[in-house]
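See structure below.
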Amino acid sequence: MDNCIFCKIIKGEIPSYTIYEDSKMKAFLDVNPNSNGHVLVVPKEHVRTIFEIDPILLKDMISTINEKIYPLLKERLSIEGLTIIQNNLLGQEVPHFHIHLIPRYQEDGIKTIFDKSKIKDVKEIYEKLK
Ligand code: 5GP
Ligand code: ZN
């Protein structure tokens, strides 16, 4: 898609520190990382959100994270945990689907990824959802 920064990275028009690539996806270092080894995993096909991505492709991406990228991070960076985040629409800076892999380390100073909301009436929400 024209003007999509991740499509340009996929095409090689913008440089990236790519750590994994195959015919369906690419994984590269986030330019503004939350921790050492923060990786973005993106499908080569441009879709914006999880609501549009082919579920088989999503499954392949998860398998690749589990079987290839996580072992690489663990072996080379000695990561001790992995926080996975995926934003859709609101809170999504880049409108090309991507999975954030945020390595965790003892003493990394990351207390929580998300601020807790002030909404405490969980039962009221449950009444709307059940
Ligand atoms: P979002 O808020 O869309 O979930 O996250 C977008 C992420 O993309 C951010 O963490 C940001 O640092 C990263 N990012 C934005 N532009 C570039 C870029 O040109 N190259 C790389 N490697 N990462 C980018
Ligand atoms: Zn794109």
What accessible area, in Å² to the nearest ten, does a 1.4 Å probe give for Asp22? 50 Å²
Going from most exposed to least, what order do Tyr17, Tyr70 have by accessible area with a 1.4 Å probe? Tyr17, Tyr70
Any chance you could look up the accessible area of Phe28 with a 1.4 Å probe, heavy atoms only, rounded to 10 Å²? 10 Å²
If the only charges are +1 at each Lys and Arg Cβ and -1 at each Asp and Glu Cβ, what is the size of the charge dipole of the stretch 53-130 around the Cα centre, to the nearest 20 debye? 260 debye
Along the stretch 104-109, what does the Karplus equation 6.51 cos²θ - 1.76 cosθ + 1.60 (θ = phi - 60°) give for ³J(HN,Hα), rounded to whole Hz, x for Gly and Pro? 10, 9, 3, 6, 7, x
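Lysine pairs, Cα distance under 13 Å, 8 or more residues apart or cross-chain: how many in the stretch 23-130?
Details: Lys24/Lys44; Lys24/Lys59; Lys26/Lys44; Lys26/Lys68.
Close lysine pairs found across the stretch 23-130: 4.
List the relative contact order of the chain as a percent without decimals, with contacts defined as Cα pairs under 8 Å and 6+ residues apart. Each step should come with its number before you reach the end.
On the way: 153 pairs, mean separation 32.5, N = 130.
For the chain, the relative contact order is 25 percent.
Taking all protein chains in place and a 1.4 Å probe, what share, in percent, of the accessible surface of the chain do carbon and sulfur account for?
Ligands and nucleic acids excluded, carbon and sulfur reach 54 percent.
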Dimensionless Rg ratio for the stretch 20-120, taking C-alpha atoms and the 2.2 N^0.38 Å reference: 1.12
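What do you reckon, how do Glu107, Glu75 stack up by accessible area (1.4 Å probe), largest on top?
Numbers: Glu107 175, Glu75 140 Å².
Largest accessible area first, the list is Glu107, Glu75.
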Above 17 Å lies some portion of the pair distances; for the stretch 29-72, what is it as a whole percent of all C-alpha pairs? 42 percent
Helix 55-64: angle to the longest alpha-carbon principal axis of the chain, degrees 0 to 90, nearest 10? 70 degrees
Please state the charge dipole magnitude for the chain, taken about the Cα centre, from unit charges on C-beta atoms (+1 on K and R, -1 on D and E), reported in debye and rounded to the nearest 20. 300 debye
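The values are calculated or read from the model by the stated rules, or taken from the named source; none is laboratory data. This structure is a prediction, so every number in the text was calculated from the model and none was measured. Because the Cβ atoms are built from the backbone with ideal geometry, glycine has one as well, and the counts that use them run over all protein chains shown. For the accessible areas, the whole protein counts, side chains as well, though only heavy atoms, and no ligand, DNA or RNA atoms are used. Shrake-Rupley method; radii C 1.70, N 1.55, O 1.52, S 1.80 Å.
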